[in-house]
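Participant: Dropping the structure in here first, questions after.
The values are calculated or read from the model by the stated rules, or taken from the named source; none is laboratory data. The structure presented is a predicted model; accordingly, all values stated were derived computationally and were not measured. As a convention, Cβ positions derive from the backbone with ideal geometry for all residues, glycine included, and neighbour counts pool all protein chains shown. In case anyone asks, the SASA skips ligands and DNA or RNA and just uses the protein heavy atoms, side chains included. Shrake-Rupley method; radii C 1.70, N 1.55, O 1.52, S 1.80 Å.
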2 protein chains.
Amino acid sequence: MRKEIPYKIYLKEQDLPKAWLNLRAFMKKKPAPLLDPVTLAPITLNSLSKVFCDELAKQELDDSSKYIPIPQAVRDFYKMYRPAPLIRAYCLEKALDTPAEIYYKFEGNNTSGSHKLNSAIAQAYYAKEQGLTGVTTETGAGQWGTALAMACSFFGLECKVFMVNVSYKQKPHRREVMRTYGADIIPSPSLTTEVGNRILQEFPNTAGSLGCAISEAVETASRLNGYRYVLGSVLNQVLLHQSVIGLETKTALDQYGVKPDVIIGCAGGGSNLGGLIAPFMAEQLQGKADYRFIAVEPASCPTLTRGKYAYDYCDTGKICPLAKMYTLGSGFIPSASHAGGLRYHGITSTLSELYAQGLMEARAVEQTSVFQAAEAFARVEGILPAPESAHAIHVAMEEALNCKRTGEKKKILFGLTGTGYFDMMSYEKFHDGKMSDYIPTDNEIETSLKNLPSLTR
Amino acid sequence: MRKEIPYKIYLKEQDLPKAWLNLRAFMKKKPAPLLDPVTLAPITLNSLSKVFCDELAKQELDDSSKYIPIPQAVRDFYKMYRPAPLIRAYCLEKALDTPAEIYYKFEGNNTSGSHKLNSAIAQAYYAKEQGLTGVTTETGAGQWGTALAMACSFFGLECKVFMVNVSYKQKPHRREVMRTYGADIIPSPSLTTEVGNRILQEFPNTAGSLGCAISEAVETASRLNGYRYVLGSVLNQVLLHQSVIGLETKTALDQYGVKPDVIIGCAGGGSNLGGLIAPFMAEQLQGKADYRFIAVEPASCPTLTRGKYAYDYCDTGKICPLAKMYTLGSGFIPSASHAGGLRYHGITSTLSELYAQGLMEARAVEQTSVFQAAEAFARVEGILPAPESAHAIHVAMEEALNCKRTGEKKKILFGLTGTGYFDMMSYEKFHDGKMSDYIPTDNEIETSLKNLPSLTR
């Protein structure tokens, strides 16, 4: 008989993963290499090290080491907020009257409010080890910026965050959290960079975009002594660090003999989804299991479901390496009515390749239905989810309701990436019936895709 | 040899307390009884049941049952966010370079952001059991209102929250959290009640106060069919429910053979402090231990350190029962520069009596030093504390620094009641150097105390 499953499964500290799992190393057909934005040839370690810390540049290019040890200082920091609980959604199951079992890994129990801290602390650690002065980055909804500010504060690094202007204005509280951790916050586009100047001249009233903020952060890092750029999603290194989510989840499920049938995560740049599925997909790639994986993206930024699999720039300014990925074009900016994160034009190359190989499904959902799911979830499970996370909730609930119709007792696992405490303006719109759904037209997407770089790969 | 203590001690679900501890039952000299506001005689169960649910009225008057079983439905709800972690502050100890061991019980890992949910769910449960339609309450900083909204949503009860006007304006995000859980939020004072009308006529520009919001909530409950009033602090029943904090803490410490030397909590109405110290004080009262207890209050609302131990009204409108407690007078309103909660003019009668008997110390601290402590704490321990909680942090740090001077390896325990995510406007003031300290003059306090009811008790 199976052990009774508690509401929350907390691993012991000694069960925290000792190594990250490098999903690419398990793939027979690897994701295509990053390209140098100048030469358009596969990027070299040397060239990458000018942007990233040495050790992170190495991790970025390493597609053969299956496991990479987690440094002790990072593991110690993890202990301050990990292991994160794996929660059995007993109350949601009851509310939906479904025979399915629903599990979610909750990453919101830390001040960044999300899983972003998992990679921020690793990146700050390697920067400190290299003797750097500080790092630059960009942030949209603010979770990554907060996470990095916390990590830098812990290791005594300077931290400059380019915050997408619309978020800077709409989320002053996020800004203050980052200031509490000593970070310097610059609204983007700004006049402090060349690319910012250029964009402001062309679009004086722009609300900003992640792609633009990335360009500004990269430019600033290259100008300042002892600085490097760090990024909270999309990169291989980030997926690597985020594998701690999936590793903990799998250990917890294994302790109770639970094998999920379907694994669901929200997908923007792909950091959460890539981390959650890592050990499960690794099993799948070795022919040891047969899971269904579902990436959930906003209908307003439908990278996987309507984008093109091609080489593209990771940033608006076109100064970062190019990645082969599903993309809507580096100039794509979702409608201003879009709430929360998941607004990036591309998605990490590993998930792109897995999707291209048919190993993963994708679903695009509209934001009002996402907020409906968020509110229903909050009322029974207590946790107030971030809009990003609610994309996964929405599809998990759909799957559970399917089970109700079919009578199947499927085991549904999803990633609850974070809390929505700093998204209450979006919730207010939703409560007041002022939230709209916007789906880009085919024409808009085609126009944006016309600017893809012409490459034969 | 002592077992190695992890960063976070999580009890197992089966170790969750099965009964609350009723601290009054352990006291030889009991707190003075509540008085009926009309007859000024000790209040009867019958009279109290017009305001509170029957079962809660019973709990309010019960000073002899040492333990009261926690209903299964409440225990099940507790499992959604409890056990709360007991955290060893390794990083803070290192930062302070102290030989002391610092422990804190963190109650912020739930959407209400604080310990308030512990009593909210119990009160909502008893209201539902009695077949009521809904409940009314007041909220200041918003933690209690959020907690009650969550609890009512879970049990399908209506919930009307009178929110102190200044908080209603300054904390629209809190309001939206409560709306997410379906609650009805009314800024107080309002024109929906007689007492609100009266106060608005006399003070048209008032920022509101907890005392006034209480009066409005009580009046509304008495007017509506199937409604009762519920309260998040001060009451005996609330202290009872909050004993879950101390019980879990003690179980966790006992598992590692740790006996705290000093136990510190912030004190407003007293719900957190009363809950945290409950099992420890019960030991003390039985002569089985010798702990130091410290209540920390804001210098701008110095109830214990500068108030009078006397019978007073619990609300501005003088329609609630009277309690014998340390009080600054029911008309006392802290300076508008005061941030966060802990702004109540009195403190629960049990803690008042313990303080009067010399079993507890009290310390008043100024808010800029509180925010300094909050920021220093956040930077090393990760958690961004609520201003209320930071009062306890401040004194815990002082005690740890004392140990550094004396070389003592004291074990310091404090209650970290919640997170500060909805207090970023106050943090912003602090970051911008715009936060001031206000200490009421002796004359102000004397004037306020002149309005105490004249009673011989």
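Participant: Please verify whether the range A:164-180 includes one or more residues that are buried (at least 24 other Cβ atoms within 10 Å of the Cβ), among the aliphatic types (A, V, I, L, M) and either over 21 Å from the mean Cα position of the chain (by Cα) or closer than 20 Å to A:SER271 by Cα (or both).
Facilitator: Yes, the range A:164-180 contains a residue that is buried (at least 24 other Cβ atoms within 10 Å of the Cβ), among the aliphatic types (A, V, I, L, M) and either over 21 Å from the mean Cα position of the chain (by Cα) or closer than 20 Å to A:SER271 by Cα (or both).
Participant: Scan the range B:377-384 and tell me whether some residue there is under 19 Å from B:VAL262 (Cα atoms) and open to solvent by 10 Å² or more (accessible area, probe 1.4 Å).
Facilitator: There is no residue in the range B:377-384 that is under 19 Å from B:VAL262 (Cα atoms) and open to solvent by 10 Å² or more (accessible area, probe 1.4 Å).
Participant: Does any residue of the range B:10-30 turn out to be of a type in the set (Phe, Trp, Tyr) and assigned to a loop (DSSP other than H, G, I, E, B)?
Facilitator: For the range B:10-30, residues of a type in the set (Phe, Trp, Tyr) and assigned to a loop (DSSP other than H, G, I, E, B): present.
Participant: Against the definition (within 9 Å of the chain's Cα centre (by Cα), of a type in the set (Gly, Ala, Ser) and not in a strand (DSSP E or B)), how does A:GLY275 come out, yes or no?
Facilitator: yes
Participant: Anything in the range A:392-445 that is without any contact (Cβ under 8 Å) to a residue 24 or more places away in the chain, open to solvent by 60 Å² or more (accessible area, probe 1.4 Å) and within 14 Å of another protein chain (Cβ to nearest Cβ)? List them, or say none.
Facilitator: Listed by number, the residues that qualify are A:ASP432, A:GLY433, A:LYS434.
Participant: Among the residues of the range A:423-435, which ones are in a loop (DSSP other than H, G, I, E, B) and of a type outside the set (Gly, Ala, Ser)?
Facilitator: Answer for the range A:423-435, where residues must be in a loop (DSSP other than H, G, I, E, B) and of a type outside the set (Gly, Ala, Ser): A:ASP423, A:ASP432, A:LYS434, A:MET435.
Participant: Mind counting the residues in the range A:103-117 that are outside any strand (DSSP E or B) and within 14 Å of chain B (Cβ to nearest Cβ)?
Facilitator: Residues meeting the conditions: 9.
Results for (1) open to solvent by less than 10 Å² (accessible area, probe 1.4 Å); (2) charged (D, E, K, R), shown as yes or no for each residue.
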position: B:LEU16; (1), (2): yes, no
position: B:LYS28; (1), (2): no, yes
position: B:LEU34; (1), (2): no, no
position: B:LEU40; (1), (2): no, no
position: B:ILE43; (1), (2): no, no
position: B:SER47; (1), (2): no, no
position: B:TYR67; (1), (2): no, no
position: B:LEU86; (1), (2): yes, no
position: B:TYR90; (1), (2): no, no
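Participant: Any idea which of (1) under 16 Å from A:SER337 (Cα atoms); (2) within 25 Å of the chain's Cα centre (by Cα); (3) surrounded by fewer than 24 Cβ atoms within 10 Å (Cβ to Cβ) is the one A:PRO387 doesn't satisfy?
Facilitator: Checking A:PRO387 against (1) under 16 Å from A:SER337 (Cα atoms); (2) within 25 Å of the chain's Cα centre (by Cα); (3) surrounded by fewer than 24 Cβ atoms within 10 Å (Cβ to Cβ), the one that fails is (3).
This table checks each residue for (1) of a type outside the set (D, E, K, R); (2) modelled with pLDDT of 95 or more; (3) under 28 Å from B:TYR438 (Cα atoms); (4) not assigned by TED's automatic domain parsing to the domain that holds B:ALA400.
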residue: B:THR251; (1), (2), (3), (4): yes, yes, no, no
residue: B:LYS259; (1), (2), (3), (4): no, yes, no, no
residue: B:ILE263; (1), (2), (3), (4): yes, yes, yes, no
residue: B:ALA295; (1), (2), (3), (4): yes, yes, yes, no
residue: B:LEU304; (1), (2), (3), (4): yes, yes, yes, no
residue: B:ALA323; (1), (2), (3), (4): yes, yes, yes, no
residue: B:SER330; (1), (2), (3), (4): yes, no, yes, no
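So that you can scan it fast, the table gives a plain yes or no per residue for (1) assigned to a helix (DSSP H, G or I); (2) assigned by TED's automatic domain parsing to the domain that holds B:ASN109:
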| site | (1), (2) |
| --- | --- |
| B:LEU354 | yes, yes |
| B:ALA362 | no, yes |
| B:SER369 | yes, yes |
| B:ALA373 | yes, yes |
| B:TYR421 | no, yes |
| B:ASP437 | no, yes |
| B:LEU452 | no, no |
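Participant: Could you figure out which of (1) more than 14 Å from every other protein chain (Cβ to nearest Cβ); (2) open to solvent by 20 Å² or more (accessible area, probe 1.4 Å); (3) more than 22 Å from A:ARG88 (Cα to Cα); (4) among the basic types (Lys, Arg) isn't true of B:LYS3?
Facilitator: (1)
Participant: Which ones in the range B:45-94 are within 14 Å of another protein chain (Cβ to nearest Cβ) and of a type in the set (Phe, Trp, Tyr)?
Facilitator: B:PHE77, B:TYR78, B:TYR81, B:TYR90
Participant: A:LEU11 passes all but one of (1) within 14 Å of another protein chain (Cβ to nearest Cβ); (2) open to solvent by 40 Å² or more (accessible area, probe 1.4 Å); which number fails?
Facilitator: (2)
Participant: Another one. Can you name the condition, by its number, that A:MET150 falls short on among (1) within 10 Å of another protein chain (Cβ to nearest Cβ); (2) open to solvent by 20 Å² or more (accessible area, probe 1.4 Å); (3) part of a helix (DSSP H, G or I); (4) free of Cβ contacts under 8 Å to residues at least 60 places away in the same chain?
Facilitator: Condition (2) is where A:MET150 drops out.
Participant: Please tell me if B:ILE294 is open to solvent by 20 Å² or more (accessible area, probe 1.4 Å) and either at negative phi or not aromatic (Phe, Trp, Tyr) (or both).
Facilitator: Judged against the criteria, B:ILE294 is not a match.
Participant: Taking the options B:LEU191, B:LEU132, name whichever one is aliphatic (A, V, I, L, M), in contact (Cβ under 8 Å) with a residue 12 or more places away in the chain, assigned by TED's automatic domain parsing to the domain that holds B:GLU55 and not in a strand (DSSP E or B).
Facilitator: B:LEU132
Participant: Could you tell me which of the residues B:ALA183, B:ALA120 is over 23 Å from B:ALA84 (Cα atoms), open to solvent by less than 20 Å² (accessible area, probe 1.4 Å), within 14 Å of another protein chain (Cβ to nearest Cβ) and modelled with pLDDT of 95 or more?
Facilitator: After ruling out the rest, the residue left standing is B:ALA183.
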